[in-house]
Amino acid sequence: MSQSSDTEQPQGVRLQKVLAGAGVGSRRRCEQLIAQGRVEVDGHIIDQMGVRIDPLTAVVRVDGQRVNTSPERVYLALNKPAGVVTTMSDEHGRSCIGDFFGERRERLFHVGRLDTDTEGLLLLTNDGDLCNRLTHPSYGVQKVYLCQVQGRVAREVGRQLMDGVTLEDGPARADEFELVQQGEGQALVRVSIHEGRNRIVRRLLEAVGHPVTRLVRTQVGQVRLGDMRPGAVRPLTSREIAALYESVGL
């Protein structure tokens, strides 16, 4: 099946141009993808040239992966430094994440929060639907943290955290735990978790006797911090955006 009357927008933009503008490939490459039946618009496979769509509203997938076709949608990653408040503005004059986006016109939402002392990966977008799903625990989007903790970490600590710990606001558990490095009086551990209660990683580790002295979020879903310097901002790649869509069923 090719184009559908439900899909075709006579006043829209040609599909191959939309795909090329979204970074899928050259115009010629995008035409080949369409001809091969690998492009889907609003649930319909498109395999003919000339179809026009509304890039602001159409849901476009290539090989099953959603593509961001709207030039108005913004997806960014920030390496939040320690000491920065996770708000776009602060009435007390404290350094906040809005300081890194002062020249942007879009209304950006931060995907979840990092407490003031926590560093690392924070996603921001003006895509409210994606933001809401990424922050909802029912979708199980994993966040990974590198934690410097006090004390020598015994082997059973990881199992204890993954089995679950009772906190003051109810039970919580880590999805994965790894001892990265054991030092004199301190250790470096990696914790994966999918929920976002306030200071949850710090509270979990403190509950098993290992207070956190430094906490860095290194990953959200398939998006990684990598070698971004503190305070750096970068746009997400089309592959990262597609992975986030997939992780929450969009």
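Where a number appears in this text, it was derived from the coordinates with a stated rule and is not lab data. Note that this is a predicted model, so its numbers are computed, not measured. With ideal geometry, Cβ positions are generated from the backbone for all residues, glycine too; neighbour counts draw on all protein chains shown.
Please give me the summed charge of the neighbours of Ala82: other residues whose Cβ is under 11 Å from its Cβ, Lys and Arg +1, Asp and Glu -1.
Details: positive: Lys80, Arg214; negative: Asp115, Asp117, Glu119.
Neighbourhood net charge equals -1.
Where nothing but the Cβ of Lys and Arg (+1) and of Asp and Glu (-1) is charged, how large is the charge dipole of segment 13-66 around its Cα centre, in debye to the nearest 20?
Numbers: 9 positive and 6 negative charges, 51 e Å.
Computed charge dipole of segment 13-66: roughly 240 debye.
Using packing as a proxy for protection, rank 236-246, 98-108 so that the peptide with the highest average count of other Cβ atoms within 10 Å comes first. Please report the intermediate quantities before stating the final value.
Values: 236-246: 18.6, 98-108: 13.4.
The packing order, highest mean first, is 236-246, 98-108.
State, as an integer percentage, the relative contact order of segment 13-66 based on alpha-carbon contacts under 8 Å between residues 6 or more apart. Can you show the working numbers first?
Values: 72 pairs, mean separation 19.1, N = 54.
It rounds to 35 percent for segment 13-66.
May I ask for the distance between the Cα centers of segment 185-250 and segment 141-178, given as a whole number of Å?
14
Return the FRET efficiency for the residue pair Ala232, Gln150: r is the Cβ-Cβ distance, R0 is 35 Å, and the value is rounded to the nearest 0.05. If you can, show how the numbers build up before the last one.
Values: r = 29 Å, r/R0 = 0.84.
Here the calculated transfer efficiency is 0.75.
From Cα pairs below 8 angstrom and at least 6 apart in sequence, can you work out the relative contact order of the chain, rounded to a whole percent? It would help to have the intermediate numbers written out before the result.
Values: 502 pairs, mean separation 48.4, N = 250.
Answer for the chain is 19 percent.
Compare the peptides 62-68, 140-146 by average per-residue count of other Cβ atoms within 10 angstrom and give them in order, highest first. Each step should come with its number before you reach the end.
Working: 62-68: 16.6, 140-146: 19.7.
For the peptides 62-68, 140-146, the packing ranking is 140-146, 62-68.
When you take every Cα atom in the chain, what is the radius of gyration, and what is Dmax, the widest Cα pair distance, in Å?
Here Rg and the maximum Cα pair distance are 21.5, 69 Å.
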